[in-house]
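Report on the structure given below.
The values are calculated or read from the model by the stated rules, or taken from the named source; none is laboratory data. If you're wondering where the values come from, they're calculated on a predicted model, not measured in any experiment. All Cβ positions, glycine included, derive from the backbone under ideal geometry; neighbour counts span all protein chains shown. Areas reflect the complete protein model, heavy atoms only, side chains present, ligands, DNA and RNA absent. Shrake-Rupley method; radii C 1.70, N 1.55, O 1.52, S 1.80 Å.
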Amino acid sequence: MIETPKPVASSERFLATIAVTDRGQMVWEHIEAWLARMGDRLNPILVKETRQAIKSRQFTLTFVLVLAAVWITTFAGIAIMGPSIYYSASGPGMFWAYYWILAFPLAVVVPYGAYRSLAAEREDNTYELLSISTLTPRQIIWGKLASAFVQLLVYLSAVAPCLAFTYLLRGMDILSIALLLAYTVLGSMGLSVIGLLLATATKERYGQVLLSVLFVLALFGVFIGAVQLAYFFIEEGYQILGDFEFWIVNLAILTAYGTTFGIVFLAATAQITFTSDNRSTPLRIAMLIQMACFIGWMAYACFYVVQESTRRGNRIAPVEEIVLTASIVCGVYWFIMGTMMTAESPVLSRRVQRGLPRSYLGRLFLTWFNPGPGTGYVFAIANLTSVILMGFIILTVVPSWYTISTFNAVSFDQIFYFHIIGIGYVTLYLGIGKYLISLIRHFAAVPIAAAVLLQAFLVALGCLVPLMIQITFYPPGYRGYSLLHASNLFWSLAEIVDRGTLPQEAYTLVLLIPSLALLVFFLNFRAIAREVRHERIELPARIVEEEAAMRPPAAPQPQSPWDNTG
Amino acid sequence: MRTRPSHPLIELRRLHRYFGDTKAVRDVSFEVDAGQVFGFIGPNGAGKTTSMRILATLDDPTAGDAFIDGFSVIDDPDRVRRRLGFMPDYFGTYPNVNVKEYLDFFARAYGLRGRERIAAVEHAMDFTLLNTLAEKPINGLSKGMKQRLCLGRTMVHDPGVLILDEPAAGLDPRARIEVRGMIARLADAGKAVLISSHILTELAEICHVVGIIEQGQLLAVGSVDEISQQSQLLRLVRVRLLGGAGSLGNWLETRSDVHEIHLDGELATFSHHGDRESEVVLLRDMVQAGFPVVEFGTKAKSLEDVFLHVTNGRVQ
């Protein structure tokens, strides 16, 4: 019998090939499983919108246009420069050209895309389907932002090789390129979150159209501004990159950016959160953090100015100007924030009442973070007062350490009067607005936008009525300040600090405005007290039951070695 | 396997919803238990959709409250949403998305992960007979397919409560039968289903309980028979007599519980006011009076009749 020879070598090779293929397949399966697990962790909106974007014509078209633009720019640039490309620093010129191409999608397309993405959900009725899912409002806004970021990265990836190319052309350093790109990306994300807030602002179609037009115009403005700033930075930037102050200012800008981004993000989230949830406390905490950062930077600026003046041997450091500017910024800030907080509903939902602090101390300090117009009113005034007190502490303490005078253009009296009357105005106007809103609420709902308009109207009334009276009844040509303009907060406050000395009217104003403010505060006192009296309520039985079912009690553990026996 | 809860899965307690001077919903209360299909019927603008939107946590009531599985829609909408599937009377679809991706997105949005999500999407496609259309872009689907897709989306996270607003609107008869079958199977699986429809015959076939709402007020709640009895509806009686029904006409006219008598040869049809027992009495009286009855039949009024009777015919 003839045995058929076995193809030993080839079968081994075959088996080895199978083993390798199996191993390869296993590795691939592992990678696939890992990717699937990672995909599960991603925001569902990001996954869905990325899938949509890949298939959409609009995205492909924009991407191809950007790519074509950078290619044409590259060829045209090289052609124009000719042989000089080998010996002259042509990097800045090319960078600026590429920056035009990059800035347009990042400053206009991406933020507007984010705005439209959420607005379209409302128009196409998909937003309701999304809102009744278990996605939280934060996840919805994060998802939209993440989609905008992915889009941004795609545009960046199209232009990035060309930007790197400008470094090779000389005249552009890596730090400048990185800094410009970082700010452009941050700016684009900042504009995107603003776009998302605007998309939540109104459900009405005409409102959306108006907002849409205004937003596009604003984005074009930002685009032009960004290109101009980039040009300035490319031309002059290298000179300031080595300055310590430049990086400190950058840090301050980033702090302002981060805290503002947080507030806008939380505001957008609050807009789409269901009505019984606490939409105010996270925003108030964010405001407080922003204010704390602001005070920190204000203090740093004062110290820095005093140190610099001491180092240079100056006897005077213009600290009072920093404090005054900071107070004006804070006054405007808390007046605007106060306007929005005083428009909140006075009804505290049962859901919010479940989370109220229990302890006396908790109630004392945390009540002002609770939603409500009364607590919002006190929160705004208390914060403004705290900032001003901080300013005074800085004004008095810092110079005493460095034996230097901090009063240059204005006196201590002027600053003192300015602040007392300033707090008075904020308390007075916010209080009147709050009281009027509470009266209107008996007949109609008052949205936040209407409350802001009402406050603006009140301030305008306070400024224009005395002016009209003066024009009508006073001799022609008389344009001087008098107590008739006591309700005009801008003119009154300007009068106090603009002149070299304290004006005569200031003595009356310092009694009149705080007295009126106290009067208005007491007018609102009952409503504030009503909000403060809210107490924590217990969880409903059904929730307790579900929580207990989700966390079953742990099995009893043996307390001694004998517990296990038997 | 789910254990049946001790409380109703859907409960409306003295619900009111006003839009300015318009009172869309006025003092509406009812309950739906697990495994029950509740048909919500009423003319256009009666307050059905408003009530359903409140239950779906898309709107807040002016007064009163509603509960899903014992959780308030006002205070705990987050907990309600986990247990609820809402199918509105619009589609809500995305461009550049196919059937599978659409269901996958909502499965993710309801927090399903990994194999659980894949299985949920497969189940939803199986249930709604969309397996063969998995890769088809949703913009290219027919109305019936879209309706099935929306039902798939509504049930992808396996909610205990389903609220379906006009699920069969605009569908052809075949698609209606399919949707009706799906709803019946969902109820068999122990889900509480609240459904509104204008096609009353369909509701009558699948609903255990119906609620008739008009001008924001719930006029009647119960099974069709219960409402018929509550509202003392007339039942249609048909009698065939050997040799002609002429003489029966005179006899019937003497009775106060009989109206609308029609005679046609051997056949007499008339409306009878009373319950089933009184029908037995009527037949016995007829036979005792010597009428040669060869056929006696009664027919309950349809849901349309009940609806028209309860709403006094004021259908818009």
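Structure values in brief
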{"read-out": "Filter pass, B:ARG81 being modelled with pLDDT of 90 or more, under 28 Å from B:GLY144 (Cα atoms) and outside any loop (DSSP other than H, G, I, E, B)", "value": "yes"}
{"read-out": "Any hit, segment A:520-534, residues being more than 30 Å from A:THR339 (Cα to Cα) and open to solvent by 90 Å² or more (accessible area, probe 1.4 Å)", "value": "no"}
{"read-out": "Per-region count, segment B:84-118, residues open to solvent by 20 Å² or more (accessible area, probe 1.4 Å), at pLDDT 90 or above and among the small types (Gly, Ala, Ser)", "value": "1"}
{"read-out": "Output for segment A:523-548, where each listed residue is among the charged types (D, E, K, R), within 14 Å of chain B (Cβ to nearest Cβ) and not in a loop (DSSP other than H, G, I, E, B)", "value": "A:ARG542, A:GLU545, A:GLU546, A:GLU547"}
{"read-out": "Unique match (being at pLDDT below 85 and open to solvent by less than 80 Å² (accessible area, probe 1.4 Å)) among A:ILE18, A:ILE31", "value": "A:ILE18"}
{"read-out": "Hits in segment A:88-142 - residues which are part of a loop (DSSP other than H, G, I, E, B), of a type in the set (Ser, Thr, Tyr) and within 14 Å of another protein chain (Cβ to nearest Cβ)", "value": "A:SER133, A:THR134, A:THR136"}
{"read-out": "Filter result (without any contact (Cβ under 8 Å) to a residue 24 or more places away in the chain, β-branched (Val, Ile, Thr) and more than 14 Å from chain B (Cβ to nearest Cβ)) within segment A:45-70", "value": "A:VAL64"}
{"read-out": "Given (1) under 16 Å from A:ALA69 (Cα atoms); (2) open to solvent by less than 50 Å² (accessible area, probe 1.4 Å), index of the condition A:GLN151 fails", "value": "(1)"}
{"read-out": "Failed item, numbered, when A:GLY566 is tested on (1) at pLDDT 75 or above; (2) assigned to a loop (DSSP other than H, G, I, E, B)", "value": "(1)"}
{"read-out": "Positions within segment B:61-92 being within 7 Å of another protein chain (Cβ to nearest Cβ) and of a type in the set (Phe, Trp, Tyr), in sequence order", "value": "B:PHE71, B:PHE86, B:TYR90"}
{"read-out": "Top-ranked residue in segment B:183-199 [being crowded, with 20+ Cβ neighbours inside 10 Å and more than 17 Å from B:GLU31 (Cβ to Cβ); ranked as modelled with the lowest pLDDT]", "value": "B:SER197"}
{"read-out": "Residue, nearest to A:ARG41 (Cα to Cα), within segment B:93-121, restricted to residues that are polar (S, T, N, Q) and more than 7 Å from chain A (Cβ to nearest Cβ)", "value": "B:ASN98"}
{"read-out": "Only listed residue being touching a strand residue (DSSP E or B) at 6+ places or on another chain (Cβ under 7 Å), farther than 23 Å from A:GLY143 by Cα and more than 10 Å from every other protein chain (Cβ to nearest Cβ), chosen from B:LEU141, B:LEU151, B:LEU133, B:LEU129", "value": "B:LEU151"}
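Residue by residue, here is whether (1) charged (D, E, K, R); (2) under 21 Å from A:ALA445 (Cα atoms); (3) touching a Cys at 6+ places or on another chain (Cβ under 7 Å); (4) surrounded by 20 or more Cβ atoms within 10 Å (Cβ to Cβ) holds:
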site: B:PRO8; (1), (2), (3), (4): no, no, no, no
site: B:PHE19; (1), (2), (3), (4): no, yes, no, no
site: B:ALA34; (1), (2), (3), (4): no, no, no, yes
site: B:PRO43; (1), (2), (3), (4): no, no, no, no
site: B:LYS48; (1), (2), (3), (4): yes, no, no, yes
site: B:SER51; (1), (2), (3), (4): no, no, no, yes
